[in-house]
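The values are calculated or read from the model by the stated rules, or taken from the named source; none is laboratory data. These figures come from a predicted structure and were not determined experimentally. Here the Cβ positions follow ideal geometry from the backbone for every residue, glycine too, while neighbour counts run over all protein chains shown.
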Amino acid sequence: METPILEMRDIVKIYPNGVMANKGVNFKVMPGEIHALLGENGAGKTTLMNILFGLQAPTSGEIFYKGKKVKIASPHDAIRLGIGMVHQHFMLVPSLTVAENIVLGMEPKRGVFFSKEDAYRITKEIGEKYGLEVPPKERVQDLPVGIRQRIEILKTLLRGAELLVLDEPTAVLTPQETEELFDALKKLVSQGKTIIFITHKLREVKEIGDRITVLRNGKNAGEALVKDVTEEDMSRMMVGRDVELIIHKTPSKPGEVILHVENIEYTPPGHNKLLKGISFSVREGEILGIAGVEGNGQRELIEILTGLREGDSGSVKVRGKELFGATPREIRLASVAHIPEDRMARGVAALASIEENLVVDRYFLPPFSKGKFSIDVKKIHENGEKLVKEFGIKAKSSVVPVEMLSGGNIQKVVVAREFTSNAKLIIANQPTRGIDVGATEFIRNRLVDERDRGAAVLLVSADLMEVMQLSDRLIVMYEGEIVGYFDSLDGLTEQELGKYMLGIKKDAPEKIKEAVVS
């Protein structure tokens, strides 16, 4: 039999706090395959790959690379062996050029000086070799996400990687960019590279994967050839039960306008205008989706709507009340809930307990407040225990610090708080990013439930399947403008939507504004 390029045997990882992330995991990868590593958040995937790349040390277990037992104590050891890792969050220096980023740490020199010309040449040559062409002289900050992804991969290849670990590589790519990436990955495999592909998108596993390994609760839950399993089979292995991958929802019954946004303008200090006259309305009983490649103004728009950023001009009315420039508390007290894009930075206080996080927006209100200077600790605890159970938050109790939870369970804490605030408007920004199929199914269904309850929902998502399944109406943002509007999603394809997201297609601004604010 062919020798595996990688074999991890009986890997155990116990953290100092007693949490056991890997419980005797076995993982085998054959040369020249695309191997998908699957599992829920908290299943142990990230820990296993961090051990492989030398970012963490295993408590016990062995690693064999190309048939030889190896000790990987640091990323330097991994790179020396030929193991490279492309992280989900890019490790690039935005102000440097593409070439400068690619050769960073191994800069070519002529004499004692850095040679830009050689850096440009190296970048051009390696891009052509692997079918990942990039513009050597452009600054990274001026490039789209798809090109930045290529730069990360080229950085790894230049350092001699034969085994590449890609962590959620398509999380923020358009269908066209994903297709280009997959073509490049297939070319890499044809040239002798091996790829470990971590993703929550099971459809992509079917499209590009050869084999899968599934982890559940820190243990092996199964292995299979991709051709022998369905998406439903994979989700069942991951979660331990049947998961409904398609969201079933009845037609919306929109009522009065809850959110009315008019001519929002915003220019960051020292930059070009980022938001250019954004106008739309969201009605009760409907989900309005916003699609777009990240970096086209969606984040800034949501932060202005939720009081986290000050816009230049415009109007934001919730149920007729002007809230442009209001504070986050004033906006929340106007019956607005917010699921933020970055759950750790904006959604939770990591050191606080689950139950404290669940009342952080209402501890000063009945039944949790006993008066101006006193809170009802018992009521806060009862509320915490109730919501931990209702929302399926995996924790011993509600007094556990949030930082002890997996990403998916942290997100459940956020949505538990926001979905129990009895909000008239729910602003959900990337509500299922980086979480597993079980938690994703739960959150998507709850968004539909909130819509059916009569709430107005504004949904921003880089996941096209999500935004197309959940939205009743949809707008597309590109370079700070609304370039497309769909009042029905029947017949709309991801490829067609991708053209708007890339700025290839645009609708007339007057037509969009007239339709989307009605």
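In the range 473-501, what residues are touching a residue at least 24 places away in the same chain (Cβ under 8 Å), farther than 18 Å from Ile264 by Cβ and crowded, with 22+ Cβ neighbours inside 10 Å?
Of everything in the range 473-501, those that are touching a residue at least 24 places away in the same chain (Cβ under 8 Å), farther than 18 Å from Ile264 by Cβ and crowded, with 22+ Cβ neighbours inside 10 Å turn out to be Leu474, Leu497, Gly498, Tyr500, Met501.
Collect the residues in the range 133-179 that are assigned to a loop (DSSP other than H, G, I, E, B), under 20 Å from Gly209 (Cα atoms) and in contact with a Leu (Cβ under 9 Å, 6 or more places away or on another chain), keeping them in residue-number order. Outline the logic, then answer.
Looking only at the range 133-179, we keep the residues that are assigned to a loop (DSSP other than H, G, I, E, B), and these are 133-138, 143-144, 159-162, 168-174.
From what's left, under 20 Å from Gly209 (Cα atoms): 161-162, 168-174.
Correct list: Glu162, Pro169, Thr170, Leu173, Thr174.
In the range 1-28, what residues are within 26 Å of the chain's Cα centre (by Cα) and part of a strand (DSSP E or B)? Before you say what the answer is, go through the steps one by one.
Taking the range 1-28 as the starting set, the residues that turn out to be within 26 Å of the chain's Cα centre (by Cα) are 13, 15, 19-22, 25, 27.
If the condition is that a residue be within 26 Å of the chain's Cα centre (by Cα) and part of a strand (DSSP E or B), then Lys13, Met20, Ala21, Asn22, Val25, Phe27 are the ones that fit.
Return yes when Ile504 is surrounded by fewer than 23 Cβ atoms within 10 Å (Cβ to Cβ) and either in contact (Cβ under 8 Å) with a residue 40 or more places away in the chain or in a loop (DSSP other than H, G, I, E, B) (or both) and no when it is not. Before you say what the answer is, go through the steps one by one.
Working: surrounded by fewer than 23 Cβ atoms within 10 Å (Cβ to Cβ): yes; either in contact (Cβ under 8 Å) with a residue 40 or more places away in the chain or in a loop (DSSP other than H, G, I, E, B) (or both): yes.
In short, yes.
Leu447 is checked against (1) part of a loop (DSSP other than H, G, I, E, B); (2) touching a Leu at 6+ places or on another chain (Cβ under 7 Å); (3) not basic (Lys, Arg) and fails just one. What number does that condition carry?
The one condition Leu447 does not meet is (1).
Failed condition for Leu459, given (1) farther than 22 Å from Gly39 by Cβ; (2) assigned to a loop (DSSP other than H, G, I, E, B), with all others met?
The single condition Leu459 does not satisfy is (2).
Filter the range 357-378 down to the residues that are outside any strand (DSSP E or B), charged (D, E, K, R) and either surrounded by 20 or more Cβ atoms within 10 Å (Cβ to Cβ) or without any contact (Cβ under 8 Å) to a residue 24 or more places away in the chain (or both) and list them by number. If you could, list the steps in order and put the result at the bottom.
Start the filter on the range 357-378 by keeping residues that are outside any strand (DSSP E or B), which leaves 357-368, 372-373, 376-378.
Next cut, charged (D, E, K, R) only: 361-362, 372, 376, 378.
The answer is Lys372, Asp376, Lys378.
Is the range 343-365 home to any residue that is farther than 27 Å from Ser406 by Cβ and in the same structural domain as Ile410 (by TED's automatic domain parsing)?
Initial filter on the range 343-365 (farther than 27 Å from Ser406 by Cβ): 364-365.
Remaining after also requiring in the same structural domain as Ile410 (by TED's automatic domain parsing): 364-365.
Within the range 343-365, one or more residues are farther than 27 Å from Ser406 by Cβ and in the same structural domain as Ile410 (by TED's automatic domain parsing).
State which residue is surrounded by the most Cβ atoms within 10 Å (Cβ to Cβ) when the search covers only the range 40-73 and only residues that are in a loop (DSSP other than H, G, I, E, B) and modelled with pLDDT under 90. Full working, then the answer.
Residues of the range 40-73 that are in a loop (DSSP other than H, G, I, E, B), as a first pass: 40-44, 53-59, 66-67, 71-73.
The next check asks that each one be modelled with pLDDT under 90; those that pass are 40-44.
Values: Glu40: 28, Asn41: 22, Gly42: 24, Ala43: 26, Gly44: 25.
The residue in question is Glu40.
Given the conditions (1) at pLDDT 90 or above; (2) in contact with a strand residue (DSSP E or B) (Cβ under 7 Å, 6 or more places away or on another chain), which single one is not true for His76?
Single failed check for His76: (2).
Looking at the range 180-267, what strands (runs of 3 or more DSSP E) fall wholly within it and have at least 3 residues that are farther than 30 Å from Gly131 by Cβ and not assigned by TED's automatic domain parsing to the domain that holds Thr47?
In the range 180-267, 257-266 are the strands (runs of 3 or more DSSP E) which contain 3 or more residues that are farther than 30 Å from Gly131 by Cβ and not assigned by TED's automatic domain parsing to the domain that holds Thr47.
Restricting to the range 13-46, name every residue that is touching a residue at least 40 places away in the same chain (Cβ under 8 Å) and more than 26 Å from Arg236 (Cβ to Cβ).
Ile14, Asn17, Pro31, Gly32
Being out of contact with any helix residue (DSSP H, G or I) (no Cβ under 7 Å at 6 or more places or on another chain), small (Gly, Ala, Ser) and closer than 15 Å to Met465 by Cβ, is that true of even one residue in the range 183-192?
No: the range 183-192 contains no residue that is out of contact with any helix residue (DSSP H, G or I) (no Cβ under 7 Å at 6 or more places or on another chain), small (Gly, Ala, Ser) and closer than 15 Å to Met465 by Cβ.
If you check every pair at least six apart or on different chains, which have Cβ atoms under 6 Å apart with a residue in the range 56-74 that is assigned by TED's automatic domain parsing to the domain that holds Ile11 and over 12 Å from Lys28 (Cα atoms) first and a residue that is of a type outside the set (Val, Ile, Thr) and not in a strand (DSSP E or B) second?
Gln56/Asn50; Ile72/Gly54; Ile72/Ala78; Ala73/Gly54; Ser74/Gly54
Considering only residues that are in a helix (DSSP H, G or I) and surrounded by 23 or more Cβ atoms within 10 Å (Cβ to Cβ), look in the range 388-409 and name the one that is farthest from the chain's Cα centre (by Cα).
As a first pass, look at the range 388-409 and keep what is in a helix (DSSP H, G or I): 388-390, 402-404, 407-409.
Checking which are surrounded by 23 or more Cβ atoms within 10 Å (Cβ to Cβ) leaves us with 388, 402, 408-409.
Working: Val388: 23, Val402: 19, Gly408: 11, Asn409: 15 Å.
The qualifying residue farthest from the chain's Cα centre (by Cα) is Val388.
Taking the criterion of being free of Cβ contacts under 8 Å to residues at least 24 places away in the same chain and among the acidic types (Asp, Glu), would at least one residue in the range 425-443 satisfy it? First the steps, then the outcome.
Residues of the range 425-443 that are free of Cβ contacts under 8 Å to residues at least 24 places away in the same chain, as a first pass: none.
Scanning the range 425-443, I find no residue that is free of Cβ contacts under 8 Å to residues at least 24 places away in the same chain and among the acidic types (Asp, Glu), so the answer is no.
When you check Thr420 against the structure, is it within 18 Å of the chain's Cα centre (by Cα) and either of a type in the set (Ser, Thr, Tyr) or assigned by TED's automatic domain parsing to the domain that holds Glu231 (or both), yes or no? So that I can check it myself, show each step before the final result.
Numbers: within 18 Å of the chain's Cα centre (by Cα): no; either of a type in the set (Ser, Thr, Tyr) or assigned by TED's automatic domain parsing to the domain that holds Glu231 (or both): yes.
So Thr420 fails the test.
Return the pairs, sorted by first residue and then second, in which the second residue is crowded, with 21+ Cβ neighbours inside 10 Å and of a type in the set (Lys, Arg), the first residue lies in the range 288-312 and is assigned by TED's automatic domain parsing to the domain that holds Leu474, the beta carbons are less than 6 Å apart, and the residues are 6+ apart or on different chains.
Note: pairs meeting the criteria are Leu288/Arg473.
Restricting to the range 337-354, and then to whatever is crowded, with 16+ Cβ neighbours inside 10 Å and hydrophobic (A, V, I, L, M, F, W, C), can you tell me which residue is nearest to Gln298 (Cα to Cα)? So that I can check it myself, show each step before the final result.
Filtering the range 337-354 for residues crowded, with 16+ Cβ neighbours inside 10 Å gives 337-341, 343, 346-348, 353-354.
Still in the list and also hydrophobic (A, V, I, L, M, F, W, C): 337, 339, 348, 354.
Values: Ala337: 17, Ile339: 14, Val348: 21, Ile354: 29 Å.
Checking each candidate, the answer is Ile339.
Are any of the residues in the range 117-124 at pLDDT below 90 and assigned by TED's automatic domain parsing to the domain that holds Ile212? Steps first, answer last, please.
Step one: list which residues in the range 117-124 are at pLDDT below 90, which gives none.
The answer is no; no qualifying residue exists.
Does the range 313-323 hold any residues that are buried (at least 16 other Cβ atoms within 10 Å of the Cβ) and touching a residue at least 24 places away in the same chain (Cβ under 8 Å), and which are they?
Let us first name the residues in the range 313-323 that are buried (at least 16 other Cβ atoms within 10 Å of the Cβ), namely 314, 316-319, 323.
Scanning the range 313-323 gives Gly314, Val316, Lys317, Val318, Arg319.
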